[in-house]
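Chemist: One structure, as structure tokens, below. Some questions next.
The values are calculated or read from the model by the stated rules, or taken from the named source; none is laboratory data. Keep in mind that this is a model prediction, so the values were computed, not measured. Using ideal geometry, Cβ is built from the backbone for each residue, glycine included, and neighbour counts are taken over all protein chains shown.
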Amino acid sequence: MNNPLIVSVGPHVYAKVSTKRIMWAVNLALIPAGAAGVFIFGVYSLYVIAASVLSAVVIEWAILAIRKKEIAVLDGSAILTGLLLAYNLPPGVPLWLPVSGSFFAIAIGKQVFGGLGHNIFNPALTGRAFLMVSWPVYMTTWQNPRWKVDAITTATPLALLKHNQLDLLKGTTYMDLFLGNRGGCIGEVCVVALLIGAAYLFWKKYISWHIPLTYIAVVAFLSWAFNGLSGPFTGEALFFVLSGGLVLGALFMATDYVTSPLSNKGKIIFGISCGALTFVIRKFSGYPEGVSYAILIMNAFVPIIDKFTHPKWFGWRKA
Amino acid sequence: MNISYKFYGGVHPSPHKNLTSDGAIKRVFVPKRVVLPLSQHTGSPAESIVKTGDSVKAFFEIAKATGFVSSPVHASISGKVTKISDSPTPTSNRALSIFIESQGDEDQDFKVRQRRDPNGLSAEELISIIKDAGIVGLGGAAFPTHVKLSPPKNKSIDTVILNGAECEPYLTCDQRLMIENPKEIFKGLEIILKILNAKDAYIAIEDNKQSAIYTIEKALPKNVKLAVLRTKYPQGAEKQIIRSVLNRAVPAGGLPMDVGCVVQNVQTAYAIYEAVYSGKPLIERAITLTGSCLKEPVNIRVRIGTALKDLVDFIGGFKKEPKKIIMGGPMMGLAQYTMDVPVVKGTSGVLFLSEEEIPRTRESVCIRCGKCIEVCPMQLVPTTLMYRVKKEFFSEAQALGIAGCFECGACAYECPAKIPLLDYMKYGKARI
């Protein structure tokens, strides 16, 4: 025995899963939605995505270097933030916009709190909120899919509803909403692509049903119950589910590990609350869409949800 | 009978059992020298009744139990006591140990000392036979068996579960014993049932051990039920196997007897059979020697006290040099720093693992994925406990149930950030 033996506490074997692997899997799962967005809105959307991702990576790298931390930019988390931010932008924004958004998302949303694992708010949504308040006009200038005649300006279906311009929605079918044949953010429009990506994450067990299902179900129920044009319980639930950023938010952003509760019970409470807040913002606020703010607000409640949903251990009895 | 109950959590490490599962247990290898620690069991250490220079005969007691929760030690070979001194043990502590060296001409074989029929013996007599034979739990914890078989009067035991789950990867000695000696195991179980006056008995096996299930089913007595369990680590842990077989929850901080249950490992039942039917004390046991570094991984019946280096020489040596030597399974086993440590009563196997088998990992930050909560069989929240322990908030950790952790390592196994959660749990438990 020439080489010394390694001595350590068990376990001596580990599962293959790693943080990096999970992050890259989520990035992979987001590719279909991004590809669909580029197909729908044209190649400029790709530049927006690239600007967002690249700047996120560079900013993460720079801040880690300044903080003298291990440069772990390839763990995939900065890329994920960049991707999600871009997916939440209108397709025609000037390229400095995603760069500013990424800066805010990474620097203020993530690194200020201590970096990966320590941030309270979803970084991508923090970046988006920053852009919304700073450059609201760019953030609400929408495009139609590139095959429509008036391809330059339009509004999202929810905005049309908010401003009582429902006649402009005539001819838009549920199939259009499902496939992404509508105005909206780059990554949110193609619901089917989002579902394909999410199916992969469900299959890998990287995300669970608790948040997405409760979130979407509550929005659907409340919209059906209280957001109908002809009285209670006449709302078109499917329209409210498909026409905003709900599917993207519920599947990919509310499920962010770092900013969602730990326990399954906590996740269900989180999902229900996100759903209720989304509905309230959509119905009663000046904004047509409420997914981002609903998730951000609920992010702040995660520590307290964790505290009160701490699971009881096996064999626990009231003392 | 397939069991539909489920214990919470658990993980699925790759089994690596086919390295040894098909070969019969090799018969006794009698080493030239043995090292017998006086503390191979949970409880107070035994006390030597021999001194340096004495000649001792195999199978005779050389150290007596000190008190009720204690167990005697028997000479595992005949020879001369060369020294009694501190020596490394598998738990990484040094303990007072008796060194015996064979002089070459002694008789090392076991002759049946006393043929006894358990039917003619009372429960008390059976318990004292088990105690005097130095039998402890052979699943790994090495808790003195006679203590487990003497529950307080106010606890009535209705069910005995024989634990043949063997959920640790790599290990196959229990599986082989069930294939080769099912009748003897059941005779041991009969004795346990008689002592406890229990009416129900189960033998529980994970469903990846089909050949053991087959032989056990064929030998199954009328009063014993076979419980086929899902293959999931830590299925063989006491509280988890009770949950799986009987759907009973042992209260936190409680013992199986609180739910009318006693769990015994199949090897323990076999040792009880040997002690009662032929008067053989616990001086040997079946263990698994495996891992990619061995030329020939085997199951082998070895004398307690055999040093690892002698064992490895006997079975043909290394194919490549091991990077890590583990006493027990890869999940809960203890890494060794020397090949001088002996096999003790609680040793179920020794793994000789190469660099590739023990991927070394680097700790990164918790991303709150919640995997540790999903896999913890005690339904604890390892990540929350980890932060408490890190900050030395031990009373908070205690309030969050850290004492319930039985150190199965499922959390650390599954953690994507590779945080050594088990290290934190152990440290926290030591400080509360």
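Chemist: Identify the single condition in (1) among the small types (Gly, Ala, Ser); (2) assigned to a loop (DSSP other than H, G, I, E, B); (3) farther than 30 Å from residue B:314 by Cα that residue B:227 does not satisfy, given that it satisfies every other one.
Modeler: If we test residue B:227 against (1) among the small types (Gly, Ala, Ser); (2) assigned to a loop (DSSP other than H, G, I, E, B); (3) farther than 30 Å from residue B:314 by Cα, just (2) comes out false.
Chemist: Out of all the residues in region A:128-150, is one or more touching an Asp or Glu at 6+ places or on another chain (Cβ under 7 Å), at pLDDT 90 or above and within 30 Å of residue A:18 (Cβ to Cβ)? First the steps, then the outcome.
Modeler: Kept after step one, since they are touching an Asp or Glu at 6+ places or on another chain (Cβ under 7 Å), are these residues of region A:128-150: A:144.
The next check asks that each one be at pLDDT 90 or above; those that pass are none.
Scanning region A:128-150, I find no residue that is touching an Asp or Glu at 6+ places or on another chain (Cβ under 7 Å), at pLDDT 90 or above and within 30 Å of residue A:18 (Cβ to Cβ), so the answer is no.
Chemist: Of (1) part of a loop (DSSP other than H, G, I, E, B); (2) crowded, with 16+ Cβ neighbours inside 10 Å, residue B:361 satisfies all except one. Which?
Modeler: (2)
Chemist: Does residue B:158 qualify as being surrounded by fewer than 20 Cβ atoms within 10 Å (Cβ to Cβ), within 16 Å of residue B:72 (Cβ to Cβ) and of a type in the set (Asp, Glu)?
Modeler: On the way: surrounded by fewer than 20 Cβ atoms within 10 Å (Cβ to Cβ): yes; within 16 Å of residue B:72 (Cβ to Cβ): no; of a type in the set (Asp, Glu): yes.
No; evaluated as a whole, the condition is false for this residue.
Chemist: State which residue is surrounded by the most Cβ atoms within 10 Å (Cβ to Cβ) when the search covers only region B:420-432 and only residues that are over 20 Å from residue B:141 (Cβ atoms) and facing chain A (nearest Cβ under 9 Å).
Modeler: Looking at the filtered set, the residue picked out is B:420.
Chemist: A further question on this structure: Say we look at region B:111-137 and pick out the residues that are among the aliphatic types (A, V, I, L, M) and surrounded by fewer than 17 Cβ atoms within 10 Å (Cβ to Cβ); which of these is nearest to residue B:344 (Cα to Cα)?
Modeler: Start the filter on region B:111-137 by keeping residues that are among the aliphatic types (A, V, I, L, M), which leaves B:112, B:121, B:123, B:126-127, B:129-130, B:133, B:135-136.
After this cut, where a residue has to be surrounded by fewer than 17 Cβ atoms within 10 Å (Cβ to Cβ) as well, the list is B:112, B:123.
Working: B:112: 23, B:123: 28 Å.
Per the criteria, the residue is B:112.
Here's the yes/no breakdown for (1) more than 14 Å from every other protein chain (Cβ to nearest Cβ); (2) more than 20 Å from residue A:236 (Cα to Cα):
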| residue | (1), (2) |
| --- | --- |
| A:250 | yes, no |
| A:256 | no, yes |
| A:268 | no, yes |
| A:273 | yes, yes |
| A:281 | yes, no |
| A:287 | yes, no |
| A:298 | yes, yes |
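Chemist: Could I ask something else about it? Can you pull out every residue in region B:410-419 that is assigned to a helix (DSSP H, G or I) and facing another protein chain (nearest Cβ under 7 Å)?
Modeler: Step one: of region B:410-419, the residues assigned to a helix (DSSP H, G or I) are B:410-414.
Matches in region B:410-419: B:412, B:413, B:414.
Chemist: In the list A:38, A:73, A:53, A:57, which residue meets the criterion of being within 14 Å of another protein chain (Cβ to nearest Cβ) and under 26 Å from residue A:201 (Cα atoms)?
Modeler: Details: A:38 fails: within 14 Å of another protein chain (Cβ to nearest Cβ); A:53 fails: within 14 Å of another protein chain (Cβ to nearest Cβ); A:57 fails: within 14 Å of another protein chain (Cβ to nearest Cβ).
So the residue among A:38, A:73, A:53, A:57 that is within 14 Å of another protein chain (Cβ to nearest Cβ) and under 26 Å from residue A:201 (Cα atoms) is A:73.
Chemist: Quick one: is residue A:73 over 19 Å from the mean Cα position of the chain (by Cα) and aliphatic (A, V, I, L, M)?
Modeler: On the way: over 19 Å from the mean Cα position of the chain (by Cα): yes; aliphatic (A, V, I, L, M): yes.
Spelling it out, residue A:73 is indeed over 19 Å from the mean Cα position of the chain (by Cα) and aliphatic (A, V, I, L, M).
Chemist: Let me ask you something else. Could you tell me which of the residues B:204, B:212 is within 16 Å of residue B:266 (Cα to Cα), small (Gly, Ala, Ser) and in a helix (DSSP H, G or I)?
Modeler: Values: B:204 fails: in a helix (DSSP H, G or I).
Selected residue: B:212, the only one of B:204, B:212 that is within 16 Å of residue B:266 (Cα to Cα), small (Gly, Ala, Ser) and in a helix (DSSP H, G or I).
Chemist: Moving on. Name the single residue that is surrounded by the most Cβ atoms within 10 Å (Cβ to Cβ) among those in region B:327-336 being within 7 Å of chain A (Cβ to nearest Cβ) and closer than 19 Å to residue B:39 by Cα. Steps first, please.
Modeler: Applying the first criterion (within 7 Å of chain A (Cβ to nearest Cβ)) to region B:327-336 yields B:330-333, B:335-336.
Filter once more, keeping what is closer than 19 Å to residue B:39 by Cα: B:333, B:335-336.
On the way: B:333: 27, B:335: 21, B:336: 23.
Applying the filter and picking the extreme gives B:333.
Chemist: OK, next. Would you check if residue A:116 is in contact (Cβ under 8 Å) with a residue 40 or more places away in the chain, within 14 Å of another protein chain (Cβ to nearest Cβ) and under 18 Å from the mean Cα position of the chain (by Cα)? First the steps, then the outcome.
Modeler: Numbers: in contact (Cβ under 8 Å) with a residue 40 or more places away in the chain: yes; within 14 Å of another protein chain (Cβ to nearest Cβ): yes; under 18 Å from the mean Cα position of the chain (by Cα): yes.
Answer is yes for this residue.
Chemist: Which one of A:48, A:9, A:53 is surrounded by fewer than 20 Cβ atoms within 10 Å (Cβ to Cβ) and β-branched (Val, Ile, Thr)? Lay out the reasoning, then the answer.
Modeler: Working: A:48 fails: surrounded by fewer than 20 Cβ atoms within 10 Å (Cβ to Cβ); A:53 fails: surrounded by fewer than 20 Cβ atoms within 10 Å (Cβ to Cβ).
None of the other options fit; the residue is A:9.
Chemist: Within region B:295-326, track down each residue that is facing chain A (nearest Cβ under 8 Å) and more than 23 Å from residue B:406 (Cβ to Cβ).
Modeler: B:321, B:322, B:323, B:325
Chemist: Looking for whichever is free of Cβ contacts under 8 Å to residues at least 24 places away in the same chain and over 19 Å from residue B:239 (Cβ atoms) here; the options are B:124, B:184, B:180. Which one fits? Show your work before the answer.
Modeler: Details: B:184 fails: free of Cβ contacts under 8 Å to residues at least 24 places away in the same chain; B:180 fails: free of Cβ contacts under 8 Å to residues at least 24 places away in the same chain.
None of the other options fit; the residue is B:124.
Chemist: How many residues are among the aliphatic types (A, V, I, L, M) and either out of contact with any helix residue (DSSP H, G or I) (no Cβ under 8 Å at 6 or more places or on another chain) or without any contact (Cβ under 8 Å) to a residue 40 or more places away in the chain (or both) when one looks only at region A:54-76?
Modeler: Qualifying residue count for the region: 8.
Chemist: Restricting attention to region B:249-293, which residues are within 14 Å of chain A (Cβ to nearest Cβ) and either part of a strand (DSSP E or B) or crowded, with 24+ Cβ neighbours inside 10 Å (or both)?
Modeler: Once the filter is applied, which keeps residues that are within 14 Å of chain A (Cβ to nearest Cβ) and either part of a strand (DSSP E or B) or crowded, with 24+ Cβ neighbours inside 10 Å (or both), region B:249-293 yields B:261, B:290, B:291.
Chemist: Further question on the same structure: Can you pull out every residue in region B:370-409 that is part of a helix (DSSP H, G or I), more than 8 Å from chain A (Cβ to nearest Cβ) and either in contact with a strand residue (DSSP E or B) (Cβ under 6 Å, 6 or more places away or on another chain) or without any contact (Cβ under 8 Å) to a residue 40 or more places away in the chain (or both)? Give the derivation first.
Modeler: Pass one, region B:370-409, residues part of a helix (DSSP H, G or I): B:371-375, B:382-390, B:394-399, B:402-404.
Cutting the leftovers down to more than 8 Å from chain A (Cβ to nearest Cβ) gives us B:372, B:374-375, B:382, B:385-390, B:394-399, B:402-403.
The answer is B:375, B:386, B:387, B:390, B:394, B:395, B:396, B:397, B:398, B:399, B:402.
Chemist: Additional query: I'm trying to understand the selection: among the residues of region B:294-343, which are among the small types (Gly, Ala, Ser) and assigned to a loop (DSSP other than H, G, I, E, B)? Talk me through it step by step, then tell me what you get.
Modeler: Of region B:294-343, the ones among the small types (Gly, Ala, Ser) are B:305, B:307, B:316-317, B:328-329, B:333, B:335.
Correct list: B:305, B:316, B:317, B:328, B:329, B:333.
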